[in-house]
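The values are calculated or read from the model by the stated rules, or taken from the named source; none is laboratory data. Note that the coordinates shown come from a computational prediction; the quantities given were computed from them, not determined experimentally. Reconstructed Cβ throughout: ideal geometry from the backbone, glycine too, with neighbour counts over all protein chains shown. Quick note on the areas: whole protein, heavy atoms, side chains included, nothing else; ligands and nucleic acids left out. Shrake-Rupley method; radii C 1.70, N 1.55, O 1.52, S 1.80 Å.
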Amino acid sequence: MDILRVAIIGAGSMARRHLQVLKALPDVQVVAVSSRGVERLDQVARDFDIPQRFRKNEDMLEIVRPDAVLVTVSAASVYEVALSCIERGIPTLLEKPPGLTVTQTEGLLKASKCVQGQYMVGLNRRFYSVIQNAKKLIEDSGGLVSLLVQYTEDVAAIRARNLHTPEVLEHWMAADGIHCVDLLRFFAGEVASVHALSSAWRDTTPNSFGALIRFESGSIGHYVSNWISPGRWEVTLYGFDMTVDLSPLESGLVTRRGGASSDLPKDDVDVKFKPGFFKQDQYFLDRVRRNGPIDRPAADLEDAFHSMKLVETIAYCQANKTTMG
C-alpha cells in the first residue's frame with residue numbers, strides 16, 4: 001500500500017497527541033475521526049484537516065474501511081471500542097489499558113486470535129529513548145540484577161476532578177498504573193512469583209501497595225505505589241557495576257562503579273512530541289504496512305495480558321490487605 005489510510009476514534013487530548021505524530025509521518029493520511037462529543041469532534045477535524053467525521057464508530061469503520069485505526073477513548077470505553085475494531089480485522093493501536101480487567105483483556109486477546117492482523121497496546125513508556133537506552137546499557141553490561149519501580153499518584157485529587165467513572169477509579173492501577181507495572185516486565189522479563197501487600201490509609205480502599213517479585217531471569221523487582229503521598233514515577237535499574245536512575249521517567253542518569261556518572265541520551269522526537277509517541281506510532285504503522293508481527297519493544301495483546309495479570313496480582317491481593325487509620 002502506498003498511502004496508509006488511518007482513522008482515529010476519540011477527540012480528546014490523547015487523540016491530539018497522536019494526530020501530531022500522524023501528520024508528521026510520510027505516506028500516512030488521516031482520513032476520518034469519530035467521537036460522541038460534537039464540539040470536540042468538529043474542532044479536532046478542523047485543527048488537523050481531517051476530511052470525514054462521524055458520531056458513531058461503527059459507521060466510520062464500515063463506511064471508511066481504514067487501513068488502520070487508533071483507539072484513544074476513555075479507559076471505561078476502550079474494551080468495547082477496541083473489540084469492535086478487532087472483530088472487523090482492522091489493525092488497531094489501542095491506548096492503555098487493554099480493558100479495565102484481566103477478563104476484558106483476555107476477551108480482546110481471544111478476539112484477536114480469530115482475525116489475523118496487527119493489534120497493539122499503547123504502552124508508550126517502552127518507546128522512550130532513555131528507557132530503551134537504559135535497557136540496552138544494562139543488558140550489554142551483563143544483565144539486570146534488580147530494579148525498583150515507584151508509582152505515586154494523588155488519587156484523591158483525581159477523584160475530586162470528577163472526570164472518571166467509579167468503575168475506572170476502582171481499577172485505577174489498571175487504568176493508569178499499568179504503565180509502571182508494565183515496566184517491571186519490560187525490563188526484567190516474565191514473572192516467576194509475586195508477594196504483594198496493600199494498605200488502606202484513611203480510606204475504605206487500598207491506596208498504598210508494595211510487591212516483591214522474582215522474575216524467571218533471576219532478577220528481583222521491588223514495586224512501591226502510594227496514592228496519598230507526593231512523588232513521581234521513577235525506575236532504578238541495578239546492573240553489574242552500574243546503576244541507572246530514571247527519575248522522572250523521561251530522563252536517565254547512569255552511575256558507574258567508582259562514582260562516575262553521565263546522562264542517558266534522549267532522541268529529538270521525544271522532545272518535539274509527547275515522549276514515546278513518535279516511535280510507537282511509527283512502529284505500529286510500519287508493521288501494518290509490512291503485514292508484520294507486533295513484538296518487542298511493542299506490546300501485543302498477549303504481552304499486555306501478562307502485564308494486566310501482574311496489575312491485578314498487586315492491586316487485588318485479598319490475602320495481604322490491611323486497613324490503617
For segment 80-97, state whether one or more residues are touching a helix residue (DSSP H, G or I) at 6+ places or on another chain (Cβ under 7 Å), acidic (D, E) and part of a helix (DSSP H, G or I). yes
I need every pair where a residue in segment 97-112 that is among the β-branched types (V, I, T) has its Cβ under 9 Å from the Cβ of a residue that is in a loop (DSSP other than H, G, I, E, B), sequence separation at least 6 or different chains. T101/H171; T105/P97; T105/P98; T105/G99
Taking S307, is it over 30 Å from A200 (Cβ atoms) and open to solvent by less than 70 Å² (accessible area, probe 1.4 Å)? no
If you check every pair at least six apart or on different chains, which have Cβ atoms under 9 Å apart with a residue in segment 190-201 that is aromatic (F, W, Y) first and a residue that is in a strand (DSSP E or B) and open to solvent by less than 60 Å² (accessible area, probe 1.4 Å) second? W201/S208; W201/N226
Of all strands (runs of 3 or more DSSP E) completely enclosed by segment 183-280, which ones contain at least 3 residues that are open to solvent by less than 40 Å² (accessible area, probe 1.4 Å) and not charged (D, E, K, R)? 191-201, 208-215, 220-226, 234-239, 242-246
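Residue by residue, here is whether (1) in contact with a strand residue (DSSP E or B) (Cβ under 7 Å, 6 or more places away or on another chain); (2) farther than 14 Å from L183 by Cα holds:
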position: G210; (1), (2): yes, yes
position: F215; (1), (2): yes, no
position: G218; (1), (2): no, yes
position: G221; (1), (2): yes, no
position: R232; (1), (2): yes, yes
position: T236; (1), (2): yes, no
position: M242; (1), (2): yes, yes
position: L246; (1), (2): yes, no
Subset of segment 154-178 that is part of a loop (DSSP other than H, G, I, E, B) and open to solvent by 40 Å² or more (accessible area, probe 1.4 Å) - its residue that is modelled with the lowest pLDDT: L163
Odd one out for I314 among (1) under 23 Å from Y151 (Cβ atoms); (2) open to solvent by 10 Å² or more (accessible area, probe 1.4 Å); (3) among the β-branched types (V, I, T); (4) at pLDDT 95 or above: (2)
Segment 37-55: number of residues that are farther than 16 Å from R65 by Cα, open to solvent by less than 100 Å² (accessible area, probe 1.4 Å) and not in a helix (DSSP H, G or I): 2
